[in-house]
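One structure is given here, and the rest of the page talks about it.
The values are calculated or read from the model by the stated rules, or taken from the named source; none is laboratory data. These figures come from a predicted structure and were not determined experimentally. So basically every Cβ, Gly included, is an ideal-geometry build from the backbone, and we count neighbours across all protein chains shown. For accessibility, only protein heavy atoms count, side chains too; no ligands or nucleic acids. Shrake-Rupley method; radii C 1.70, N 1.55, O 1.52, S 1.80 Å.
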Amino acid sequence: GQQVMQIPQYQHVQEGEDFTTYCNSSTTLSNIQWYKQRPGGHPVFLIQLVKSGEVKKQKRLTFQFGEAKKNSSLHITATQTTDVGTYFCAGAEGYQKVTFGTGTKLQVIP
Amino acid sequence: NAGVTQTPKFQVLKTGQSMTLQCAQDMNHEYMSWYRQDPGMGLRLIHYSVGAGITDQGEVPNGYNVSRSTTEDFPLRLLSAAPSQTSVYFCASSYPGGVEAFFGQGTRLTVV
C-alpha cells in the first residue's frame with residue numbers, strides 16, 4: 001500500500017532560524033495537503049497542492065510539490081515560537097484514500 | 001457550526017471490553033475517516049467511508065469495525081479492547097478528493 005514518509009522526525013531550531021520538512025510518497029499522488037498540530041491539539045489544515053512543480057506561500061511558509069508528484073516540502077523562514085508543533089503532509093491516492101505522513105515535530109528555542 | 005464532534009474525549013477500558021467511539025459532522029461531507037495517532041507513527045488510517053453505506057479498510061483495520069448509515073455519523077467500534085489499542089483517535093471529514101479535512105478534538109483511549 002501507499003506509504004508517506006517525512007524527514008526529519010524531530011527538529012530543534014533557535015528562534016529566527018529556518019526550518020524545512022520533507023515528505024516522500026511511495027506512489028504518485030493526485031494532490032498533497034499539509035497540516036499543523038499544536039501540542040495537545042488536533043491537525044489543522046494549512047494548504048493543498050495539486051499541480052506538478054507547484055509552489056505556494058503563506059507568509060513565512062513555503063510549500064512545494066515535486067515534479068513527479070511523489071514528494072513535497074514545507075519551509076518556514078525565520079521561525080517563531082508560535083510555529084511549535086507537528087507538521088504532517090497527507091497524500092491523496094486518486095480521490096479516495098488519504099494517507100498521512102509520519103510527521104515532523106518542531107521545537108523552537110526562544 | 002459544530003464541525004466534527006467526537007465523544008468521549010477520554011476513556012479507560014479493561015482488556016476485552018468493547019466500546020464505540022462516536023463521530024458526527026454537520027458539514028454534509030461525504031468523506032469520513034478514522035485515524036489513530038501513536039508517538040513516532042504519525043496518523044494511521046483505520047477505516048474510511050466515501051458516503052453513506054460505503055466503508056473501506058485503511059492501513060490498520062484489525063480490531064475495529066465501522067458503519068456509515070447516515071452522512072453525518074461514522075462510529076468506530078472496538079470489538080474486544082487490547083492494550084495495543086491504547087492511542088489517541090481522531091475522526092475527520094471532508095469533501096472527496098483529498099481536500100481540506102476537518103478533524104474532531106480526539107479521543108484519548110487507554111486500555112489496561
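Projecting the Cα atoms of A:G16, A:Q6, A:S26 onto the dipole axis of chain A, where Lys and Arg carry +1 and Asp and Glu carry -1 at the beta carbon, places A:S26 farthest toward the positive end.
Taking every protein chain into account, the accessible area of region A:22-110 amounts to 44 square angstrom per residue (probe 1.4 Å). Here the peptides B:83-90, B:52-59 are ranked by packing, the mean other Cβ count within 10 Å, and the order with the highest first is B:83-90, B:52-59.
Legend: mean number of C-beta atoms from other chains within 10 angstrom of residue C-beta atoms, peptide A:43-52, equals 3. Think of chain A as a dipole: +1 on every Lys or Arg Cβ, -1 on every Asp or Glu Cβ, centred on the Cα centre; then among A:F45, A:L74, A:V55, A:F45 lies furthest on the positive end.
As a ratio to 2.2 N^0.38 Å, the alpha-carbon radius of gyration computed for region A:25-82 takes the value 1.20. Converting phi to 3J(HN,Hα) with the Karplus coefficients 6.51, -1.76 and 1.60 and the offset θ = phi - 60°, region A:69-85 yields 6, 10, 8, 7, 9, 10, 10, 10, 8, 6, 4, 10, 4, 6, 7, 4, x Hz in sequence order, with x at every glycine or proline. Set the Cα radius of gyration of the protein assembly as shown against 2.2 N^0.38 Å, with N its number of residues, and you get 1.01. Here's how it looks for A:E17: its modeled amide H is under 5 Å from those of A:T79, which are all 5 or more places away or on a different chain. Proximity of backbone amide H atoms, modeled 1.01 Å from N, is registered between B:A52 and no other residue at under 5 Å, excluding neighbours fewer than 5 places apart on the same chain. Taking Cβ atoms as reference points and 10 Å as the exclusive limit, the residues near B:Y89 contribute a net charge of +2, counting Lys and Arg as +1 and Asp and Glu as -1. Whole-Hz Karplus values for region A:36-48 come out as 10, 10, 6, x, x, x, 10, x, 10, 5, 9, 6, 10 Hz, taken residue by residue from phi with 6.51 cos²θ - 1.76 cosθ + 1.60 and θ = phi - 60°; glycine and proline positions read x. Summed over both chains, the contact between A and B buries some 1700 Å² of accessible surface at a probe radius of 1.4 Å.
Report, in whole Å, the centroid distance computed from the Cα atoms of region B:1-45 and region A:1-78. Value for the Cα centre distance between the two parts: 24 Å. Couplings 3J(HN,Hα) for region B:9-23, derived from phi with the Karplus relation 6.51 cos²θ - 1.76 cosθ + 1.60 (θ = phi - 60°), are 7, 9, 7, 10, 10, 8, 3, x, 6, 10, 6, 10, 8, 9, 9 Hz, where x marks Gly and Pro.
Taking every residue in B:43-53, how many Cβ atoms of other protein chains lie within 10 Å of its Cβ, on average?
Working: counts 12, 3, 7, 0, 0, 3, 1, 3, 0, 0, 0.
Taking all residues of B:43-53 together, the mean is 3.
Is the C-alpha gyration tensor of chain A telling us rounded, prolate or oblate? Criteria: a/c under 1.5 is rounded; beyond that, a/b larger than b/c is prolate, otherwise oblate. In terms of gyration-tensor shape, prolate. Near B:L13, the amide H atoms lying under 5 Å from its own belong to B:T110, B:V111, B:V112; only residues 5 or more places off or on other chains count, and H is placed 1.01 Å from N. In terms of overall dimensions, chain B has a Cα radius of gyration and Dmax of 13.1, 38 angstrom.
Does region B:65-104 come out rounded, prolate or oblate, given a ≥ b ≥ c as the square roots of the eigenvalues of its C-alpha gyration tensor, rounded meaning a/c under 1.5 and, failing that, prolate meaning a/b above b/c?
oblate
Which percent of the accessible area of region A:29-93 is formed by carbon and sulfur heavy atoms (probe 1.4 angstrom)? C and S atoms contribute 52 percent here.
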